[in-house]
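Notes for the one structure printed next.
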Amino acid sequence: MLASCSEQYLVTGSSYVEGLEGRTLYLRVFRDSVMCSIDSSKVVHGKFKFHGIMDSVMMANVFLEDNSVMPVVLESGDVNVRIEANDQSATGTPLNDSLTNFIKKKSQIDARMAELPRIEAKMYMNGEDEVKIKMELDEQIRELEQENDKLITRFIRANYNNVLGPGVFMIMTSGFQYPILNPQIEEIISQAPPYFRNHPYVKEYIKAAESNMEKLRQY
């Protein structure tokens, strides 16, 4: 009975990033409100491997000490992970392929946002009007922020009923100082099915965010 309910996961990785050789990477999942290590592997000659038993498909993260390196989905099949200085990918299975494609699209938006200071400096060097520069850059920032929000919202909504929805929601909100309900999150939650809303992290986040918003309204 136990064997029939469990599956094996296999994550084979490669990395030739300077400083990772000989270091230990940890595979962690969200459990009981914290990230728990379920496996570890030392990088030897640029190679590492995670393997084990899972009861169901899980969203995990590869960590170096306390720093998250990249997300990966533990599902049936062989997952191939590649860690480079400016590029990380997990491929070989349907959910990982989808996640990697999403991350690449978001990275492209992030790169365009990071390019704006250089564009601003160039405009100043060309002697363009300061007011015009501010207006143009503010418009580009708004467009990129909207594009980024739409990309994330569409991806989560498309994956409400699998681990990618809650997993990317966790990544999206982990950078917040504290749980909040902004228009984007309210849109995501308002249309979410039970699978998504009952995910331990999402459920805990919503509860904390609603409490925080109520406290803010009292001031």
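Coordinate-derived values only; no laboratory data. On a predicted model such as this, the values are computed, not experimentally measured, just so you know. Here the Cβ is made from the backbone with ideal geometry for all residues, glycine too, and neighbour counts use every protein chain on show.
Of note:
- Residue-span extension gain [Arg82 to Ser33] - 0.36 nm each, minus C-alpha spacing: 14.8 nm
- Its Cα centre serving as origin, the chain has a Cβ charge dipole (Lys and Arg +1, Asp and Glu -1) of approximately 460 debye.
- Check: region 115-218 dipole with +1 on Lys, Arg Cβ and -1 on Asp, Glu Cβ, in debye: 640
- Between 0 and 90°, nearest 10: helix 164-174 axis offset from the chain longest Cα axis: 50
- For peptides 41-49, 148-156, 121-129, 163-171, sequence by mean Cβ density within 10 Å, most packed first: 163-171, 148-156, 41-49, 121-129
- Excluding same-chain neighbours fewer than eight residues apart, the lysines reachable from Lys105 by a Cα-Cα span under 23 Å are Lys150.
- Local charge for Ser56 was computed over the other residues whose Cβ lies under 11 Å away, with Lys and Arg +1 and Asp and Glu -1, and equals -3.
- Rounded to 10°, Cα long-axis angle of helix 94-114 versus longest principal axis of the chain: 30
- Each of Val44, Val34, Gly92 was scored by the projection of its Cα onto the charge dipole of region 2-93, and the greatest displacement toward the positive side belongs to Val44; charges sit on the C-beta of Lys, Arg, Asp and Glu.
- Helix 116-125 vs. the chain, principal-axis angle (Cα, 0 to 90°, nearest 10): 30
- Check: region 1-93 dipole with +1 on Lys, Arg Cβ and -1 on Asp, Glu Cβ, in debye: 160
- In the chain, the DSSP-assigned H stretches of four residues or longer account for a calculated mean residue ellipticity at 222 nm of -15500 deg cm²/dmol, using -39500 (n - 2.57) per stretch and the full residue count as denominator.
- Shape of the chain, Cα gyration tensor, a/c cut at 1.5: oblate
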